[in-house]
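Beneath this line is the structure, given in structure tokens, with notes to follow.
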Amino acid sequence: MRAGDSNSEPQAQGGIFATTHWSVVLAAGERDTPESTAALEQLCRSYWYPLYAYVRRRGYGPEDAQDLTQEFFARFLARNYMARADPRRGRFRSYLVGALNHFLADEWDREHRLKRGGQAYQLLFDAASGEARYALEPADERSPDWLLERRWALALLDRVWHQLQQDYETTGRERLFGRLGGFLTGATEEESYRLAAQELEMTEGATRVAVHRLRQRYGELFRQAVAETVENPEDIADEMRHLVEVLSLQP
């Protein structure tokens with residue numbers, strides 16, 4: 001389905017929306033629906049930090065960046081920017097950054113800026129924690145756009161990790177996830193499998209199967225998260241490769 005098919009409803013198919021969240025959001029430009037509102041709010045809440053850090057890298061101080069980011073999302077979620085959505089720019093972040101740059105370039109009367117908490121529509125996020133995260137980031141001379149790509153990828157992986165953790169916790173397997181989660185971060189030595197098996201009181205073969213299933217579910221959730229941020233399903237594989245490439249570069 002394309003974004004213009006606004007009469008269609010998103011349906012779960014193998015854990016992935018047949019209609020991606022970004023397609024649902026684009027459809028909101030033509031017809032406001034509860035589905036599009038929920039999808040847009042979820043996407044914005046998941047990925048607000050890369051945009052906050054982007055504003056900081058543009059030279060704004062912490063308080064201004066907090067106000068600007070909150071006001072941007074307030075206007076965005078009020079649908080002021082939906083009519084500008086360009087389906088040819090398939091990545092959700094490409095559209096978000098374009099809208100943010102337009103917002104920052106607008107002649108905006110700072111004396112009448114709405115302070116945090118005064119907007120008609122607020123996206124709930126902890127701006128103070130955003131500044132704390134930003135202060136811990138290493139100095140990097142690369143462009144704000146490149147850094148946003150990396151932060152976007154990290155935010156997506158963080159979201160996937162927490163979804164996977166929640167999957168295991170809701171099925172009573174939190175101990176299994178706590179012990180095997182480290183196997184997702186890279187190559188693992190044979191000794192690590194033996195130690196994990198002993199600690200979990202499992203056979204080594206059963207531990208390897210559990211790790212395989214963990215990685216498989218992680219891959220499914222990663223693909224699902226990417227699917228929610230591109231317009232066309234055929235773009236998912238390219239976007240996954242791009243994000244992996246961004247993450248593989250040294251910060």
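With respect to residue 211, is the statement that it is outside the structural domain of residue 40 (by TED's automatic domain parsing), touching a helix residue (DSSP H, G or I) at 6+ places or on another chain (Cβ under 9 Å) and under 30 Å from residue 95 (Cα atoms) true? No; evaluated as a whole, the condition is false for this residue.
Of the residues 195, 247, only one is closer than 23 Å to residue 163 by Cα, out of contact with any Gly (no Cβ under 8 Å at 6 or more places or on another chain), loosely packed, with under 15 Cβ neighbours inside 10 Å and not acidic (Asp, Glu); which?
Details: 195 fails: closer than 23 Å to residue 163 by Cα.
None of the others qualify; the one that does is 247.
The conditions are (1) surrounded by fewer than 18 Cβ atoms within 10 Å (Cβ to Cβ); (2) at pLDDT 90 or above; (3) closer than 25 Å to residue 101 by Cα, and residue 219 fails exactly one of them. Which is it? Here residue 219 clears every test but (3).
Do you know which residues across segment 207-242 are more than 27 Å from residue 35 (Cα to Cα) and hydrophobic (A, V, I, L, M, F, W, C)?
Correct list: 209, 210, 211, 214.
Determine whether segment 149-171 contains at least one residue that is assigned by TED's automatic domain parsing to the domain that holds residue 240, farther than 22 Å from residue 223 by Cβ and out of contact with any helix residue (DSSP H, G or I) (no Cβ under 6 Å at 6 or more places or on another chain). Among the residues of segment 149-171, not one is assigned by TED's automatic domain parsing to the domain that holds residue 240, farther than 22 Å from residue 223 by Cβ and out of contact with any helix residue (DSSP H, G or I) (no Cβ under 6 Å at 6 or more places or on another chain), which makes the answer no. The set of residues in segment 51-76 that are in contact with a Phe, Trp or Tyr (Cβ under 7 Å, 6 or more places away or on another chain) and either surrounded by 20 or more Cβ atoms within 10 Å (Cβ to Cβ) or modelled with pLDDT under 70 (or both) comprises 53, 56, 65, 68, 69, 72, 73.
Say we look at segment 89-111 and pick out the residues that are modelled with pLDDT under 60 and in a loop (DSSP other than H, G, I, E, B); which of these is surrounded by the fewest Cβ atoms within 10 Å (Cβ to Cβ)? Outline the logic, then answer.
Let us first name the residues in segment 89-111 that are modelled with pLDDT under 60, namely 89, 107-111.
Subsequent filtering for residues that are in a loop (DSSP other than H, G, I, E, B) retains 89, 107-109.
On the way: 89: 13, 107: 4, 108: 12, 109: 7.
Checked segment 89-111; the qualifying residue surrounded by the fewest Cβ atoms within 10 Å (Cβ to Cβ) is 107.
You will find that of 210, 206, the residue that is surrounded by fewer than 16 Cβ atoms within 10 Å (Cβ to Cβ), assigned to a helix (DSSP H, G or I) and modelled with pLDDT of 95 or more is 206 and no other.
The number of residues in segment 178-203 that are over 29 Å from residue 22 (Cβ atoms) and part of a helix (DSSP H, G or I) comes to 16.
The values are calculated or read from the model by the stated rules, or taken from the named source; none is laboratory data. Computed from a prediction, not measured in an experiment: that's the story for all the values here. In this analysis, Cβ positions are derived from the backbone assuming ideal geometry, glycine residues included, and neighbour counts consider all displayed protein chains.
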